[in-house]
1. Classify segment 53-96 from the C-alpha gyration tensor, please: rounded if a/c falls under 1.5, else prolate or oblate depending on whether a/b exceeds b/c.
2. Which value, in Å² and to the nearest 10, is the accessible area of E63 when all protein chains are kept and the probe is 1.4 Å?
3. Can you work out the Karplus-derived ³J(HN,Hα) for every residue in segment 125-130? Use 6.51 cos²θ - 1.76 cosθ + 1.60 with θ = phi - 60°, whole Hz, and x for glycine or proline.
4. Where only protein heavy atoms count, and the probe is 1.4 Å, what is the accessible area per residue for segment 80-131 in Å²?
5. Once the piece of chain linking D81 and S142 is laid out straight, how much longer is it, given 0.36 nm per residue of separation minus the C-alpha distance between them?
6. Can you tell me the length gained on complete extension of the stretch I36 to E17, counting 0.36 nm per residue apart and subtracting the Cα distance?
7. Which shape class applies to segment 77-145: rounded if a/c is under 1.5, otherwise prolate when a/b exceeds b/c and oblate if not, where a ≥ b ≥ c are the square roots of the Cα gyration tensor eigenvalues?
8. At what distance in nm do the modelled label points of M105 and Q121 sit from each other, each positioned 7 Å from its Cα along Cα→Cβ?
Amino acid sequence: KTYSFVDSEGLKTINIECVTAKAGSNDVFYDENDKIYIPVAINMISHDPNDLLLVKVSGNSMEPTFSDGNILMFKKIKNTDEIQDNKIIVCRVDGGLKVKRYKDMGHYKLLLSDNFNYEHQENMPIPIDENRDFEILGRYVSRIN
């Protein structure tokens, strides 16, 4: 749910829902009450605001691309065919939200970290198969901060 207003600098602004997603592979469950709304100047976005999702990154598995606390803008998708190989997505995996790089290997798919320090469990690739509860929610558009 979004609503628009004019901010203190006279810019037409819209509040967009923001949820937290774990960059790592550890389960972080989506909590409906864990939403915040972030004001974004309308001239800063090129998509319908109702088609956007803001996501706050939790964890460092996407470093150096994104850091813990970054707020990212994703375009909601209705069809997974919109996702190109090697692009960054926000997805629901086994009840948790994740920010990962999507890799289509043909007969299977992987969710990859940009942080290649595999000594940490949260950086390990996440295989996606028919046994996993998995849904792509959006494709990366831009970083807000």
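1. Numbers: a/c = 1.76, a/b = 1.58, b/c = 1.11.
Here segment 53-96 falls in the prolate category.
2. Counting only protein heavy atoms, E63 exposes about 60 Å² to solvent.
3. x, 10, x, 10, 9, 5
4. Values: 2910 Å² over 52 residues.
So segment 80-131 comes to 56 Å² accessible per residue, rounded to a whole number.
5. Working: separation 61, 0.36 × 61 = 21.96 nm, distance 2.01 nm.
20.0 nm is the gain from fully extending D81 to S142.
6. Working: separation 19, 0.36 × 19 = 6.84 nm, distance 0.59 nm.
Between I36 and E17, full extension yields an extra 6.2 nm.
7. Details: a/c = 1.45, a/b = 1.08, b/c = 1.34.
Since a/c stays below 1.5, the shape of segment 77-145 is classed as rounded.
8. My value for the distance between the label points is 2.1 nm.
The values are calculated or read from the model by the stated rules, or taken from the named source; none is laboratory data. These numbers come from a predicted model, not from an experiment. Note: ideal-geometry Cβ built from the backbone for every residue, glycine included; neighbour counts use all protein chains shown. Protein only, heavy atoms only, side chains kept; ligands, DNA and RNA dropped before computing areas. Shrake-Rupley method; radii C 1.70, N 1.55, O 1.52, S 1.80 Å.
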